[in-house]
Amino acid sequence: MRIDGLVPGGQGIGTNSDGKKGFFWNALPGETVADYQITKNKSSYFEAIATKIENPSPHRIAPKDDCYLSTSPWQIMDYGYELEQKLELLKEQYGQFGISLNNFFAGDTEPGKASTSAFFSVATVRRDEKAKMLAFSSSSEERLSHETEKNNTLQEKNIQTDGIELGYRNKMEYALYYNNEDGLIYPACRHRGTHIKFPITQSSLERPEIWAKCQEIFADLNARGEEARKYQTLLLRCNQEGVVSGGLLENGKSHPVFEPLKDTLLGHEYSYSPNGFFQINLPVYELALKAIAGHLGDQQKVLDLYAGVGTIGLSVARDRDLTLVELNGSAYQELQHNCEGTSAKPVLSASEEALEYIESDQAVIVDPPRAGLDNKLIDKLLEVHPPKIIYLSCNPATQARDAKKLLEKYRITSCVPFNFFPRTPHLENLLIFE
């Protein structure tokens, strides 16, 4: 089967002689899959792992880790090609909702230097659900633009990255595998698409301090003759200074409270729990924070929804009239701690239930989970109509869905994708609505 392209989930797509679609891990556009192992078989499509490739892509490279299919399946392509494919897939996901991104129109990510121009064309999209491929038919075009800074021109903008491909993850969770042959316990992953564990002897996606600590803990387990079945996983997290916290999670017991970590973002220190939510790739996250700060301009009232421990709002607007809303109890405790010494107001609530905090004279920052924005929240934004919405998303598909609704009353003035998760199909995207 010839691979025609990649789909947003990260697999290569092809069609067999019977017209059935196949979605393949370990396959790149233009390659021919000569043999494969099926992991899911449905009437209209199947999923598989390519085990033999003919006509390999010029962009194919040897993966660094044996466990790459489980942790970072895009280790098989060169980094430049990864960025190119992510850009195309971002456009495709917007195309699913009738929005064609003809240009990426972000300016500088430095504060105060962001582009203030945009051009969108809206097209009618026909979608083949089985193929997960798009066919576009021209429809109408809609110019959504306003005055630009002098000499500022539209141009295709590359995905923002710090160029670090591996060794960037500051959090990792390992399964435990008991080897009957040597009687030792090893860190493990699960084969993609299954619950079957396999031991790993090298992993390069996480920071090296985490892998070193992992090796130390497993050596201690083996020295004490521990049983693997006693434990659920090993959870480790590392700050930018290389300090590692976390530990083993035991089956049938509550998760222990680990020593909190501290990190600095845009010159501000934050405290967070190793087993709570905190960004995985802090250097690239700082690039996004700089972009957000630039787009805030002189807006003095700011509402930060889905605030977590407060790293967005407190990094870019701690000296302003800032309200931060967070639902998770442990994250809210860290948020309260991080707000100490500022005038920021933390609120314990689900963001879709904190609609009374949305006002018509503020900038609203949203960084929702992968499910995107709740319809009640979108309706309230359209009703109150704050002048600016800053939307950072870990799932461009749901962000595009939400953007289609927000375009009823807003225009998009900037789009900046960030490669938070190199060597994986995942992408973070920043949209500015005005």
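The values are calculated or read from the model by the stated rules, or taken from the named source; none is laboratory data. Quick caveat, the model's predicted, so the values are computed rather than measured. When we count neighbours, we look across all protein chains shown, and the Cβ atoms used for this are built from the backbone with ideal geometry, even at glycine.
Side notes on the structure shown:
- Candidates 302, 309, 284, 316 - the one that is among the β-branched types (Val, Ile, Thr) and more than 27 Å from residue 241 (Cα to Cα): 302
- Residue in region 338-345 that is of a type in the set (Lys, Arg) and within 21 Å of the chain's Cα centre (by Cα) present: no
- Residues being crowded, with 17+ Cβ neighbours inside 10 Å and closer than 10 Å to residue 238 by Cα - total across region 194-210: 4
- Exactly one residue out of 388, 376, 405 is within 23 Å of residue 100 (Cα to Cα) and surrounded by fewer than 18 Cβ atoms within 10 Å (Cβ to Cβ): that is 405.
- Among the residues of region 82-101, just one is free of Cβ contacts under 8 Å to residues at least 60 places away in the same chain, in contact with a Lys or Arg (Cβ under 9 Å, 6 or more places away or on another chain) and assigned to a helix (DSSP H, G or I), namely 95.
- Residues considered: 106, 114. Of these, the only one that is at pLDDT below 85, in a loop (DSSP other than H, G, I, E, B), of a type outside the set (S, T, N, Q) and closer than 21 Å to residue 404 by Cα is 106.
- Identity of the residue in region 392-429, in a loop (DSSP other than H, G, I, E, B), touching a residue at least 60 places away in the same chain (Cβ under 8 Å) and charged (D, E, K, R), that ends up farthest from residue 206 (Cα to Cα): 411
- Among (1) outside any loop (DSSP other than H, G, I, E, B); (2) modelled with pLDDT of 95 or more, the one test that residue 135 misses: (2)
- Here residue 369 meets each of (1) surrounded by fewer than 16 Cβ atoms within 10 Å (Cβ to Cβ); (2) touching a Ser or Thr at 6+ places or on another chain (Cβ under 8 Å); (3) not β-branched (Val, Ile, Thr) with one exception, condition (2).
- Hits in region 15-38 (condition: over 21 Å from residue 425 (Cα atoms) and either buried (at least 16 other Cβ atoms within 10 Å of the Cβ) or touching a Gly at 6+ places or on another chain (Cβ under 8 Å) (or both)): 15, 16, 20
- Out of 271, 254, sole residue that is among the small types (Gly, Ala, Ser) and more than 23 Å from the chain's Cα centre (by Cα): 254
- Each residue in region 318-331 was checked for being under 23 Å from the mean Cα position of the chain (by Cα) and either hydrophobic (A, V, I, L, M, F, W, C) or closer than 14 Å to residue 347 by Cβ (or both), and 7 of them qualify.
- Of all residues in region 28-71, exactly one satisfies the criterion of being closer than 16 Å to residue 13 by Cα and touching a His at 6+ places or on another chain (Cβ under 8 Å), namely 28.
- Taking region 393-423 as the range and being over 17 Å from residue 92 (Cα atoms), of a type outside the set (D, E, K, R) and touching a helix residue (DSSP H, G or I) at 6+ places or on another chain (Cβ under 6 Å) as the test, only 420 passes.
This table checks each residue for (1) under 15 Å from residue 192 (Cβ atoms); (2) buried (at least 19 other Cβ atoms within 10 Å of the Cβ).
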residue: 13; (1), (2): no, yes
residue: 50; (1), (2): yes, yes
residue: 61; (1), (2): no, no
residue: 88; (1), (2): no, no
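- The listed residue being among the basic types (Lys, Arg) and either in contact with a Lys or Arg (Cβ under 8 Å, 6 or more places away or on another chain) or closer than 19 Å to residue 67 by Cβ (or both), out of 253, 213: 213
- Neighbours by Cβ (under 7 Å, 6+ apart or cross-chain): first from region 253-272, within 30 Å of residue 292 (Cα to Cα); second surrounded by fewer than 12 Cβ atoms within 10 Å (Cβ to Cβ) and of a type in the set (D, E, K, R): 262/269
- Only a single item in (1) surrounded by fewer than 16 Cβ atoms within 10 Å (Cβ to Cβ); (2) on the phi < 0 side of the Ramachandran plot is not met by residue 55, and it is number (2).
- Restricted to region 17-48, and to residues there that are of a type in the set (S, T, N, Q) and in contact with a strand residue (DSSP E or B) (Cβ under 6 Å, 6 or more places away or on another chain), the residue that is nearest to residue 59 (Cα to Cα) is 26.
- Of the strands (runs of 3 or more DSSP E) that lie entirely inside region 1-71, those containing 3 or more residues that are touching a residue at least 24 places away in the same chain (Cβ under 8 Å) and under 20 Å from residue 85 (Cβ atoms) span 3-6, 12-15, 21-25, 45-54.
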